[in-house]
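Where a number appears in this text, it was derived from the coordinates with a stated rule and is not lab data. What you see is a predicted model; the values in this text were computed from it and never measured. Here Cβ is always computed from backbone atoms with ideal geometry, including for glycine, and neighbour counts include all displayed protein chains.
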Amino acid sequence: MTLSWKTGGILLGMVFLAAVLLVKPIGVSTQFVIADGIIADAINPDFITQTDEGYTSTNAYMAKSGGKYAKSASNPLNYSFVFVLAMMAGAAISSYLRGGVKGGEKTMPNIWRENFGDSALKRFAVSFAGGFIIVFGARLAGGCTSGHMMSGLMQTSISGYMFTLGAFGAGIPVAMMLYKKSEG
Amino acid sequence: MTTIILAIVIGGAFGVVLDRIGATNPKLTIKMLALTNLHLMKTILLAIGVAAVAMFAGQMAGLVDVGHMSVKSAYLGVFIGGLLLGTGWAVTGYCPGTGLSAAAAGRKDALFFIAGGLLGAAAYMVSYSWVKSTGILADMFGGKATVAAVPGTDYPSVFAGLPGDIVGIVLGLGFIAIAFALPNKFVGSGHARGTAVPAE
C-alpha cells in the first residue's frame, strides 16, 4: 500500500532533515560519476592518481574542485557512495516486504503499455536514452531531484528554484503530450 | 566509521520511504507530471516544507548546526540541466534516485535507465571542458546563493536585508500550504482522461 501523502510527506521530510542534521544534504546523481570513475580506474589505473595534495585524474571533471570526485572514486567506502547503495538496499527490502513488483509490471509500468504498446525492447531503449539525458542533465545542473529540488528548496537555494523551474517546465508539457491515456 | 553507519541508516531509510510513497513506481511520477494524479507532488511539497521549517526553526533554537547546510551554485546550466532532466523524467518516470531504487525494487527497465545514466555521466565527464568554455557554468546571483541571508553562513543572498531563517520557515509553511491546497486530481482539466475512475 502506498502511504498517504501526509504520512509519506512527513517521513520523507524527516529523512531529508536527519541528513542535514547529522551529515549533509541528500544527493544522488554525483554517484553516477563516482561509479564511472571506479570503472574507468579499474580499466586504466592511470585514470586516477594520488598526488602530494590528494587525488587527481586525467579527466578534467574528475579532477575539478581539488580532485574530490577522484578521491571518492578511489575510496568507494565514503559516505555519499555508501548512502546510495544503502538507498537501493532500503528500496529492495521495502519492495520485497510489499510482495515485490509483479508480472508484466517488472518489464514496464502499465501506464507505458497503455500508451506505447507491449514491446519490451522499445521500453528498454527509451529507458536507456532517458537515463542518458537525465544524468547528463543532472551533472550539467550540478544535482538532481534529490540534491537540487528537495535539498535545495528546503535550504532556500536559488539554484534549487532554477532547477525546479526547468525540471517541471519541461516535465509537465512532455508528460501531458506523451501520456494521453493514464487510467492504469 | 560513524559516517558509514549514518550513510547506511539514512540512505536505507531514504530508500524505504521512496518505495513506500510510490516513487519507485514510474506511474505516479508520470501522473504527477501529466497532472492527472498529484499524490506525489503533494508528498514532495509537504516533505520540503516540513524539512525546511524544522531545519530553520532548529537553527534559530540553536539545535541544528548551520554548518551542515550545503547550498549549490546557481548558473545558467542549472536551468538547462533541469530542462534535460525534466524531459527524461517525464518520458521514463524515473529520476536518478528513484531509478536506482526502482531497479533495486525489481524493475528491469530501470536497469536500462541506470546503464544509460552511467553513459550520460561519462558523456558529461568527457564534454565538461567544452561545456565550461561556453560560459553556462559561470555563477549567477553570486553563486551559492539563498533567497535571504541565513545567519551564521557566508552564502550570498538575493534579499540580503531579510532574515534567512525566518524566510526559510515562511517558505516552508508556504510549501506545506500548497501541499494541502492542491487537489489529488485535476478533474475535468480539459484532457479527456477519465479522471472519474478511482485510482487502483
For chain A, what does the relative contact order come out to in percent, with C-alpha contacts under 8 Å and a separation of six or more? 22 percent
Averaged over B:143-152, number of beta-carbon atoms from partner chains that fall within 10 Å: 3
Once both labels are modelled 7 Å past Cα along the beta-carbon direction, what's the residue A:60-residue B:68 spacing in nm? 3.7 nm
GNM on chain A, Cα springs under 10 Å; top mean-square fluctuation among A:147, A:169, A:137 goes to A:169
Quick one: if you stick a label point 7 Å off each Cα along the C-beta vector at residue B:132 and residue A:50, how many nm between them? 2.5 nm
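Is there a simple number for the mean count of other chain Cβ atoms within 10 Å of the Cβ of residues in A:41-48, and what is it?
Other-chain Cβ atoms within 10 Å of each residue's Cβ, averaged: 0.
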Of the residues B:57, B:123, B:104, which exhibits the maximal mean-square fluctuation in a Gaussian network model of chain B defined by a 10 Å Cα contact cut-off? B:123
Rounded to the nearest 20 debye, dipole of region B:1-148 from Cβ charges on Lys, Arg, Asp, Glu: 280 debye
Among A:41, A:52, A:118: highest mean-square fluctuation, GNM of chain A, C-alpha pairs under 10 Å: A:52
Chain B: relative contact order as a whole-number percent, Cα under 8 Å and 6+ apart: 30 percent
What residues of region A:27-59 lie in the reach of a label at residue A:75, counting those whose backbone N is under 11 Å from a point 7 Å from the Cα along Cα→Cβ? A:54-55
The pairs in A:102/A:181; A:180/B:27; A:24/B:132; A:102/A:180 lying past 19 Å Cα-Cα in this model are A:102/A:181; A:24/B:132; A:102/A:180
Would you mind getting me the FRET efficiency between residue B:154 and residue B:115? Use the beta-carbon distance for r and R0 = 35 Å, nearest 0.05. 0.30
What whole-number value in cubic angstrom gives the convex hull volume per residue for the C-alpha atoms of chain A? 165 Å³
For the protein assembly as shown, what is the percent of antiparallel DSSP beta bridges, rounded to the nearest 5? 60 percent
Based only on other Cβ atoms within 10 Å, what is the fewest-to-most ordering of B:14, A:128? A:128, B:14
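Note down the net charge around residue A:147, summing +1 for each Lys or Arg and -1 for each Asp or Glu among other residues with Cβ under 12 Å from its Cβ. Don't skip to the answer; put the middle values down first.
Details: positive: A:24, A:139, B:72; negative: none.
Around residue A:147, the surrounding residues sum to +3.
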Normalised by the residues of region A:108-184, what does the relative contact order come to in percent, with Cα pairs under 8 Å and at least six apart? 44 percent
Can you give the helix-only mean residue ellipticity at 222 nm for chain A, where every DSSP H stretch with n ≥ 4 adds -39500 (n - 2.57) and the sum goes over all residues, rounded to the nearest 500 deg cm²/dmol? -21500 deg cm²/dmol
Can you grab the distance from the C-alpha centre of region A:1-23 to the C-alpha centre of region A:72-121, Å, no decimals? 19 Å
Given points 7 Å out from each Cα along the Cα-Cβ axis, report the residue A:118 to residue A:172 separation in nanometres with one decimal. 3.6 nm
